[in-house]
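Report on the following structure.
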Amino acid sequence: MTRDIGFLIFPQFQLLDAAGPIAAFEIAGRLVPGAYRLHVLARAPGAVASSSGVAMTAQAFDAAAPLDTLIVSGGEGTRSPAICAATLDFARATFRTARRTASVCSGAYVLAAAGLLDGRRATTHWRRSQDFQRRYPAVRLEPDRIFVQDGPLWSSAGITAGIDMALAMIGADLGEEVARRTAQQLVVYHRRPGGQSQFSALLEMRGGRFDDLLAWARENLALPLTVDQLAERAAMSPRNFARLFAVETGATPAKAIERLRVEAARALLDSQPLQVEDVALETGFGDPERMRRAFLRAFGQPPQALRRAARASQPNVASAP
């Protein structure tokens, strides 16, 4: 069975939003000959310049063969297709006949403008999340997800997350072994789950004299990690440590440790069959109620709700034909 995969581009699209998933499906198609037929689509045929100036050659989408999957690229030029009646009509018509309709990064604006995401879960690049939520309040945006699947609609975060989404689709179509071998060929991690966060608190706070301390704290979250304990490890007085730490990282020691803990706890909830109580102990919260309050501050939702959302965002392999 050959599946026709269409990649919708437009002037000023982000090159990797299209090229990353294209490469993933192309490699999978070499591993399983005949699995995929790839089409680059645009409103008008010919060369379409990306935001980098590098162009892709596209065929007109109104002449495209029936598609199994449509993937809408994102990029700086998303604003135009999101208000183009012909493009939105094409997205709606394809959704009615295709098995999957998807977006990479700000390509979610096109699907949302077409009304396809109303009432559904979706994600986009974290920098676009506030604007997206303001423009499309009917969409149930999950702003820090790598990718989200809600029935036949898929969406992914910025740029390289499109590769993660493509690998998930390949796994659903052809099996996880093919997805794993595809990831090996791409030399990418196989594979970040959709529920994984776009953010890394450790990376955001690193870049100075406290890098080693933060890395140590991340590996020892079950310890109390008080200001006195952290200051002693940094060979500084508690008062001087707290002042310099806030200047260097932009967060108080207590807030930094809480951010590390909620990130670690969320990863465990997403990937491990542990009870909430066990996660709270392992990550240093001590009790579930303390962890719940920290999750509400960080994510606006309690741990159980985020765990359910992460599980729901995983590909439904059983639904693949």
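The values are calculated or read from the model by the stated rules, or taken from the named source; none is laboratory data. Since this is a predicted model, take the numbers as computed values, not measurements. Heads up, the Cβs are rebuilt from the backbone with ideal geometry, glycines too, and the neighbour counts pull from every protein chain shown. To get the accessible areas, we keep the full protein, side chains included, count just its heavy atoms, and leave off ligands, DNA and RNA. Shrake-Rupley method; radii C 1.70, N 1.55, O 1.52, S 1.80 Å.
Some observations on this one:
- Matching residues in the range 55-67 - criterion: being within 14 Å of D4 (Cα to Cα) and assigned to a helix (DSSP H, G or I): F61, A63
- Under the condition of being touching a Lys or Arg at 6+ places or on another chain (Cβ under 6 Å), over 19 Å from F13 (Cβ atoms) and in contact (Cβ under 8 Å) with a residue 24 or more places away in the chain, the residues counted in the range 121-141 number 1.
- Residues of the range 120-136 classified as open to solvent by less than 10 Å² (accessible area, probe 1.4 Å) and under 11 Å from A157 (Cβ atoms), total: 3
- Subset of the range 266-299 (residues that are within 23 Å of P143 (Cβ to Cβ), within 22 Å of the chain's Cα centre (by Cα) and polar (S, T, N, Q)): S271
- Where a residue in the range 4-30 is among the acidic types (D, E) and its partner, wherever it lies, is surrounded by 24 or more Cβ atoms within 10 Å (Cβ to Cβ) and assigned to a strand (DSSP E or B), with Cβ under 6 Å and at least six apart: D17/V104
- Complete set of residues in the range 88-114 that are of a type in the set (S, T, Y) and surrounded by 22 or more Cβ atoms within 10 Å (Cβ to Cβ): T94, T101, S103, S106, Y109
- Evaluation of I83 against (1) open to solvent by 10 Å² or more (accessible area, probe 1.4 Å); (2) closer than 20 Å to G162 by Cβ; (3) of a type in the set (A, V, I, L, M, F, W, C) (one fails), failing number: (2)
- Residue in the range 7-19 that is within 22 Å of R180 (Cα to Cα), open to solvent by less than 70 Å² (accessible area, probe 1.4 Å), outside any strand (DSSP E or B) and among the acidic types (D, E) present: yes
- Residue check for L117: open to solvent by less than 10 Å² (accessible area, probe 1.4 Å), part of a helix (DSSP H, G or I) and either touching a Leu at 6+ places or on another chain (Cβ under 6 Å) or without any contact (Cβ under 8 Å) to a residue 24 or more places away in the chain (or both): no
- Residue, most open to solvent (accessible area, probe 1.4 Å), within the range 188-237, restricted to residues that are among the aliphatic types (A, V, I, L, M) and at pLDDT below 65: L203
- Qualifying residue in the range 22-29 (condition: of a type in the set (V, I, T), open to solvent by 30 Å² or more (accessible area, probe 1.4 Å) and in contact with a helix residue (DSSP H, G or I) (Cβ under 6 Å, 6 or more places away or on another chain)): no
- Residue in the range 34-54 that is in a strand (DSSP E or B) and over 27 Å from the mean Cα position of the chain (by Cα) present: yes
- Among the residues making up the range 152-172, those that are buried (at least 24 other Cβ atoms within 10 Å of the Cβ), part of a helix (DSSP H, G or I) and not charged (D, E, K, R) are A161, G162, I163, M165, A166, L167, A168, M169, I170.
- First in the range 270-288 and of a type in the set (S, T, Y), second anywhere and at pLDDT 90 or above and surrounded by fewer than 19 Cβ atoms within 10 Å (Cβ to Cβ), Cβ under 9 Å, 6 or more apart: T283/L221; T283/A222
- Single residue of R145, R140 found to be open to solvent by less than 10 Å² (accessible area, probe 1.4 Å), under 19 Å from the mean Cα position of the chain (by Cα) and charged (D, E, K, R): R145
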